[in-house]
Amino acid sequence: MKQKLTSRKFLTALTGLITGIILIIAGDVTEGATTVVSAVVAYCIAEGYVDGKKLGNEFKNNEQPKQNN
């Protein structure tokens with residue numbers, strides 16, 4: 001868990017989230033909401049891509065895929 005919290009992907013998404021919140025507070029609601037949603041969607045896509053690559057490598061190596069709960 002600590003590794004995910006200190007990853008560059010997460011820190012970039014967090015920065016986008018904070019920037020979006022600041023924009024919303026400053027009065028630019030449309031731009032702030034767009035920034036927040038974009039940061040979250042980009043993080044989800046990046047994590048899905050990385051997880052998919054890891055799962056693909058495990059199948060290539062004939063390993064049993066690990067399930068994270």
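For the reader, a short list of remarks on this structure follows.
- Of all residues making up the range 6-58, the number that are modelled with pLDDT under 90, of a type in the set (Val, Ile, Thr) and in a helix (DSSP H, G or I): 1
- Set 4, 9: member being of a type outside the set (Asp, Glu), surrounded by 12 or more Cβ atoms within 10 Å (Cβ to Cβ) and out of contact with any Lys or Arg (no Cβ under 7 Å at 6 or more places or on another chain): 9
The values are calculated or read from the model by the stated rules, or taken from the named source; none is laboratory data. Everything quoted here is computed from the prediction, not taken from an experiment. Using ideal geometry, Cβ is built from the backbone for each residue, glycine included, and neighbour counts are taken over all protein chains shown.
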